[in-house]
1. I'm checking my understanding of the structure. Among residues of the range 274-309 that are of a type in the set (S, T, Y) and open to solvent by less than 40 Å² (accessible area, probe 1.4 Å), which one is nearest to D70 (Cα to Cα)?
2. Could you check the range 177-266 for helices (runs of 4 or more DSSP H) lying wholly inside it with 2 or more residues that are under 26 Å from the mean Cα position of the chain (by Cα)?
3. Please find, among S158, S144, the residue that is open to solvent by less than 60 Å² (accessible area, probe 1.4 Å), of a type outside the set (A, V, I, L, M) and under 26 Å from G192 (Cα atoms).
4. Filtering the range 1-37 down to residues that are in a loop (DSSP other than H, G, I, E, B) and either modelled with pLDDT of 80 or more or of a type in the set (A, V, I, L, M) (or both), which residue is least open to solvent (accessible area, probe 1.4 Å)?
5. Which condition number does V85 fail, the rest of (1) part of a helix (DSSP H, G or I); (2) in contact (Cβ under 8 Å) with a residue 40 or more places away in the chain; (3) crowded, with 16+ Cβ neighbours inside 10 Å being met?
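The values are calculated or read from the model by the stated rules, or taken from the named source; none is laboratory data. Everything numeric in this text was worked out from a predicted model, so none of it was measured. Because the Cβ atoms are built from the backbone with ideal geometry, glycine has one as well, and the counts that use them run over all protein chains shown. Areas reflect the complete protein model, heavy atoms only, side chains present, ligands, DNA and RNA absent. Shrake-Rupley method; radii C 1.70, N 1.55, O 1.52, S 1.80 Å.
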Amino acid sequence: MSQNSAAKPLRVPKVSMRRRARRSFSRHWTLYLLMLVPLVHLAIFKYVPMTNAVIAFKDYNIIKGIWGSDWVGLRHFQAIFDNPVFWDLVKNTFSLSLYAVIAGFPIPIILALALNEIRQGFFKRTVQLVTYAPYFISTVVVVSMIIMILSPRLGLFSHVFGFFGVEQVDLLADADYFRHIYVWSDIWQTAGYSAVIYLAALSGVDPSLYEAARVDGASRLQKIWHVDLPSIMPTAVIILVLAVGNIMTIGFEKAFLLQNPMNLSASEIIATYVYKTGLINADFSQATAVGLLNSAVNLVLLFFVNFAAKRLTGNGVWS
């Protein structure tokens with residue numbers, strides 16, 4: 001063989017996709033087995049029920065069943081847009097959700113940054129316990145507490161107002177106060193739990209960054225601004241994208257429990273309307289159409305906000 005001839009490269013035998021999958025399964029079969037239960041649960045309780053959303057395009061009859069009911073096309077969607085109440089529902093849902101996102105998004109970040117600066121262990125653990133514990137209180141119990149505190153006759157606020165000679169106001173019966181009560185009670189309940197995510201992100205910050213900032217003479221606020229905030233920015237962006245993507249699916253339970261005939265103009269949202277239309281009035285097709293339309297709007301918002309986040313910050317839920 002000539003010395004000038006180039007050495008032939010070694011050929012690596014190609015392994016088929018099926019063989020690689022079989023080899024991976026044989027090595028990690030216990031992990032695949034652990035994944036099986038949640039995947040089956042997801043398929044049965046999330047994906048299979050999606051097929052029943054077809055009743056939004058049918059005149060559902062409980063005798064004929066889902067697939068035997070008459071096809072009506074977009075008639076229920078047309079009825080939704082022709083219903084003047086629907087736009088009030090959209091306004092109430094959107095304004096309540098937007099208020100919750102704007103007010104509730106920065107609070108856990110501020111709480112996490114403050115806890116990260118505390119060096120006294122006992123005080124830090126106490127604050128974490130006090131702010132984290134409300135998350136485990138049932139929504140029904142939280143609403144009961146709100147009603148007891150804001151009751152015009154027996155509530156704490158009525159006694160405080162009476163002590164200062166201020167006329168008692170039934171805050172729960174005033175539609176103007178409903179959004180404030182809903183949002184700030186929700187922040188009280190979830191801020192500590194949400195802060196844990198940011199505390200976990202802060203625990204992964206490279207200590208050399210703090211050392212470099214200390215050498216440069218940075219103050220505490222400067223370290224928070226230039227080290228902590230950039231470190232948790234990817235996590236914050238993902239949480240914000242998911243929050244905005246679910247902006248039209250605000251929780252039903254709390255809004256329904258705080259609802260009364262006096263504040264109905266502000267408390268009636270899409271979730272409570274679907275409940276009343278579908279379960280109380282037994283108009284399943286109309287309720288499904290409203291829910292399907294709501295989910296479609298959320299999906300569009302999720303894609304749009306994720307695209308905007310990727311363009312502005314370089315971070316998003318997916319690329």
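1. Residue satisfying both the conditions and the ranking: S285.
2. Correct list: 229-245, 252-258.
3. Among S158, S144, only S144 is open to solvent by less than 60 Å² (accessible area, probe 1.4 Å), of a type outside the set (A, V, I, L, M) and under 26 Å from G192 (Cα atoms).
4. Top of the filtered list is V15.
5. It is condition (3) that V85 fails.
Let's see how each residue does on (1) of a type outside the set (A, V, I, L, M, F, W, C); (2) in the same structural domain as K91 (by TED's automatic domain parsing); (3) closer than 21 Å to L258 by Cβ:
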site: L150; (1), (2), (3): no, yes, yes
site: D170; (1), (2), (3): yes, yes, yes
site: Y177; (1), (2), (3): yes, yes, yes
site: G192; (1), (2), (3): yes, yes, no
site: G204; (1), (2), (3): yes, yes, no
site: S208; (1), (2), (3): yes, yes, no
site: S219; (1), (2), (3): yes, yes, no
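Residues checked against (1) modelled with pLDDT of 90 or more; (2) of a type outside the set (S, T, N, Q):
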position	(1), (2)
I224	yes, yes
I232	yes, yes
T249	no, no
L257	yes, yes
I270	yes, yes
Y275	yes, yes
L299	no, yes
F304	no, yes
L312	no, yes
